[in-house]
Amino acid sequence: MTILTILRYPDKRLNKIAQPVKQFDARLRQLVTDMAETMYQAPGVGLAASQVDEHIQLVVIDTSDAQNQLQVFINPEIIWSSEEKTFYDEGCLSVPGIYDGVERPAEVSVRALDLDGQPFELKADGLLAVCVQHEMDHLKGIVFVEYLSPLKRNRIKTRMIKEERELERTQPAAKRRRV
Ligand code: K1U
Ligand code: ZN
C-alpha cells in the first residue's frame, strides 16, 4: 500500500495548472490506485492529482457511505451547470481541520475519460456535484479557501504556516512520508 504525501496549503505547487492526460498506461493505473488509497486513508471523499504533486488532469472521488464506489475522472470538463446554487461547508485534505461555506451550482454535468481512455458523461447533484467542482478547481490551481474573504483566508494561511512549522519541528517531512 502506498500513501502519497498530500501538499498542504499554502504550498505554491497547489497553484500549478494540471495538464491533460495523454497516455493511458500502467503508470496512470498505479497513480490512481495510490491516490485512492491515500484518499481512503486520510479519510476524504475526493483527491486531485495536483494535491499529490502530479500536475495532470486526474481526480478520484468516492462519496458513498461504505467508501466502495470509486469514481475516476480523467481530463474532466463541466459541460452544464444548473442556475440553482448550493451552499456547502467544504473541507480539503490540503487544508486539514478547516471547513467553510462555498456557493456553487447545485447540479453539474461532467464529461471525462475513464482509465481506458473511453469518454463518459455524468450528471451530479448533492455532495458529488460539490466534490467534482472542488476537485476540478484543484486541477486549475484553485484551493477552496480562495472563495473565502481575504480576512478568513489570511487567518487560515497563518494557521497553516504555524502548523507546518510545528510539524516540521516535531516530525520532519522526510519522516512524515509513508511511501
Ligand atoms: O481535499 C480534497 O479535495 C478532498 C475533500 C473533498 C471535499 C469534501 C467536502 C466538500 C468538498 C470537497 C475532502 O474529502 S475533505 C474531508 C471530508 O470531507 C470527509 C472526510 C471523511 C468523511 C467524509 C468527508
Ligand atoms: Zn481539496
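The values are calculated or read from the model by the stated rules, or taken from the named source; none is laboratory data. Quick caveat, the model's predicted, so the values are computed rather than measured. Cβ coordinates were reconstructed from backbone atoms using ideal geometry, including for glycine residues, and neighbour counts include every protein chain displayed. We work out accessible area using only protein heavy atoms, side chains counted, and drop any ligands, DNA or RNA first. Shrake-Rupley method; radii C 1.70, N 1.55, O 1.52, S 1.80 Å.
Taking the conditions (1) within 17 Å of the chain's Cα centre (by Cα); (2) over 30 Å from Asp25 (Cα atoms); (3) in contact (Cβ under 8 Å) with a residue 40 or more places away in the chain; (4) open to solvent by 20 Å² or more (accessible area, probe 1.4 Å) in turn, Glu90 satisfies each one other than (4). Within the option set Val95, Val110, Val72, Val145, being under 14 Å from the mean Cα position of the chain (by Cα) and more than 13 Å from ligand 1 (Cβ to nearest atom) holds for one residue only, Val72. Comparison of Asp11, Asp53 shows that the only residue that is within 19 Å of His134 (Cα to Cα), of a type in the set (D, E, K, R), modelled with pLDDT of 95 or more and in contact with a helix residue (DSSP H, G or I) (Cβ under 7 Å, 6 or more places away or on another chain) is Asp53. So which pairs qualify, if the first residue must be in segment 1-12 and under 17 Å from Ile161 (Cα atoms) and basic (Lys, Arg), the second must be assigned to a loop (DSSP other than H, G, I, E, B) and open to solvent by less than 40 Å² (accessible area, probe 1.4 Å), the Cβ gap must be under 6 Å, and the two must be at least 6 apart or on different chains? Sorted first by the residue in segment 1-12, then by its partner, the pairs are Arg8/Ser94. Of the residues making up segment 1-17, those that are touching an Asp or Glu at 6+ places or on another chain (Cβ under 8 Å) and farther than 22 Å from Ile156 by Cβ number 4. Exactly one residue out of Gln41, Gln51, Gln57 is near ligand 1 (Cβ under 10 Å from one of its atoms) and touching a residue at least 24 places away in the same chain (Cβ under 8 Å): that is Gln51. The helices (runs of 4 or more DSSP H) located wholly in segment 93-179 that include 2 or more residues which are surrounded by 11 or more Cβ atoms within 10 Å (Cβ to Cβ) and touching a residue at least 24 places away in the same chain (Cβ under 8 Å) occupy 126-139, 150-170.
Give the residues of segment 6-31 that are of a type in the set (Val, Ile, Thr) and open to solvent by 60 Å² or more (accessible area, probe 1.4 Å), sorted by residue number. Ile17, the sole residue that qualifies. Candidates in segment 32-87 are the residues that are part of a helix (DSSP H, G or I), more than 16 Å from ligand 2 (Cβ to nearest atom) and open to solvent by 40 Å² or more (accessible area, probe 1.4 Å); of these, the one that is farthest from Val110 (Cα to Cα) is Glu37.
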